[in-house]
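A.B. asks: Below are the structure tokens for one structure; questions will follow.
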Amino acid sequence: MTDAILVLNAGSSSIKFAAFPAEGSDEALLSGGVERIGAQAQLSISTGERAGVAAPDHPSALTLVADRVAEHLHGGHIHAVCHRIVHGGAQFSTPIPLDDAALTALDDLIPLAPLHLPHGLQGVRAAQALYPDAAQIACFDTAFHSAKPWLHDSFALPQSYYDEGIRRYGFHGLSCESILRTLRAEGYPVDTRRIAIAHLGNGCSVTAVKHGVGHASSMGFSTLDGLVMGTRCGYLDPGVILYWLNQGKTAAEIEDILYHRSGLLGVSGLSNDMRDLTASTDPSAQRAVEVFVSRVVEEVCRLAGTMGGLDAVVFCGGIGENARDIRERITAGLGFLPGPSGAGPEILVRETREEHEIMLEARAVMSAASGP
């Protein structure tokens, strides 16, 4: 029997998981997930299992995960279930134990992330039912950015809107924490460098890290801002939204365009997957790749300006880690920046380990709760 901590990362149509020893080793005992939750759900486990499954919703998908974890642990106890929560608003800037009051407060934040928070909170409540004796702990994607200067936290709007929560939160914070932890473990001088972390996957962002602290982000109030993504457009003149409203489009129609029909998919008309686009000879696919690369270069340069320079760019995420050609095109666009050696910023590629980061943060919460 092996006692464990279970990490859950619930997305809009998926649940990723990893089970770690409750103490001792930092290596996962088991990992995997359920993708395409709904009519064509697919389960994949690090043991090699791949199968189509019946998972019409998140609770049923989590039940499948719980069954596989129980089989692998041979009856071991789940001490804690640790959740990636996309949005913590202005009030949650550190990992927290989840009780009824915290869940109520997070329910109130759903308007800030209507396409992400409901799935995360649904995962919490399903885990409470499956593991009633386990601690439930939340780790927030926005928390890393909570220390950034007000200048990069605000819009040029009346102060009253900032006070009610309309501000530049930033996301992919757990990925940033993971990358910085890795670099520090390698002895990289994080605390004296100006770094841009380019998290490039289906969702994309660039985060400016100045001397080890989150400084600014390409993402703002929502996960829509900044870079071109798989199905999200990134930066958009808000006048376009006003135009659509005046033309009679509903808020729901506009939301669908911005979140699901834009980005690489929208420009290419073919796919939201960079692998498909780089393999295609279709001119529309090439245009999509070109606009993706251009926006990353532009945003890295903008964030370099907020830090007064740039020493290194760290690529992570599915595209950042695996698409060498895309990295090289972005790097070529940054070559005019001086960098520490005078020949552009240092280029690093690192794996982002969000589930591992969540586990470490959760262990710290549990240790603090247990006292000396």
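A.B. asks: Determine the share of the chain's accessible area contributed by carbon and sulfur atoms, expressed in whole percent, with a 1.4 angstrom probe.
C.D. replies: After summing per-atom areas, the C and S share lands at 52 percent.
A.B. asks: Measure off 7 Å from each Cα along the Cα-to-Cβ vector at residue 107 and residue 349, then give the distance between these two points in nanometres to one decimal.
C.D. replies: With each label point 7 Å from Cα toward Cβ, the separation is 4.6 nm.
A.B. asks: Return the FRET efficiency for the residue pair residue 282, residue 44: r is the Cβ-Cβ distance, R0 is 45 Å, and the value is rounded to the nearest 0.05.
C.D. replies: Calculated transfer efficiency: 0.90.
A.B. asks: Under a point spin-label approximation (7 Å from Cα along Cα-to-Cβ), what is the residue 185-residue 247 distance to one decimal in nm?
C.D. replies: 4.9
A.B. asks: What longest region of the chain stays clear of trypsin sites (Lys or Arg not before Pro) that DSSP places outside H, G, I, E and B and that have at most 15 other Cβ atoms within 10 Å?
C.D. replies: Result for the longest clean stretch: 37-248.
A.B. asks: What size of dipole, in debye to the nearest 20, comes out for segment 34-187 about its Cα centre when the only charges are +1 on Lys and Arg C-beta atoms and -1 on Asp and Glu C-beta atoms?
C.D. replies: Value, rounded to 20: 440 debye.
A.B. asks: Another question about this same structure. Kindly provide the GluC sites (Glu not before Pro) of segment 33-134 that DSSP labels as loop, not H, G, I, E or B, and whose Cβ sees at most 14 other Cβ atoms within 10 Å.
C.D. replies: Passing sites in segment 33-134 are 49.
A.B. asks: Would you mind getting the accessible area per residue of the chain, heavy atoms of the protein chains only, 1.4 Å probe, in Å²?
C.D. replies: 45
A.B. asks: Quick one: putting +1 on the C-beta of Lys and Arg, -1 on the C-beta of Asp and Glu, what dipole do you get for segment 86-167 around its Cα centre, in Debye to the nearest 20?
C.D. replies: Approximately 240 debye in magnitude.
A.B. asks: Take the chain, connect every pair of alpha-carbon atoms lying under 10 Å apart with a spring to form a Gaussian network, then pick out the residue of 355, 27, 321 with the largest mean-square fluctuation.
C.D. replies: 27
A.B. asks: Now a separate question. Compute the longest continuous run of the chain that contains no exposed chymotrypsin sites (Phe, Trp or Tyr not before Pro); treat a site as exposed when its DSSP state is not H, G, I, E or B and it has at most 12 other Cβ atoms within 10 Å.
C.D. replies: The longest such stretch corresponds to 156-335.
A.B. asks: Tell me which GluC sites (Glu not before Pro) from segment 165-261 have a DSSP coil assignment and no more than 16 other beta carbons within 10 Å of their own.
C.D. replies: Those satisfying the criteria are 186.
A.B. asks: How large is the charge dipole for segment 1-102, taken about the Cα centre, if only the Cβ atoms of Lys, Arg (+1) and Asp, Glu (-1) carry charge, to the nearest 20 debye?
C.D. replies: Value, rounded to 20: 360 debye.
A.B. asks: Of the candidates 91, 136, 247, which one comes out as most mobile in a Gaussian network treatment of the chain with C-alpha springs shorter than 10 Å?
C.D. replies: Comparing 91, 136, 247 in a Gaussian network model of the chain, the most mobile one is 247.
A.B. asks: Can you give the % of DSSP beta bridges in the chain that are antiparallel, to the nearest 5?
C.D. replies: Percentage antiparallel, nearest 5: 60.
The values are calculated or read from the model by the stated rules, or taken from the named source; none is laboratory data. These numbers were taken from a predicted model, which means no experiment stands behind them. Every residue, glycine as well, gets a Cβ built from its backbone with ideal geometry; the counts of neighbours run over all protein chains shown. Protein only, heavy atoms only, side chains kept; ligands, DNA and RNA dropped before computing areas. Shrake-Rupley method; radii C 1.70, N 1.55, O 1.52, S 1.80 Å.
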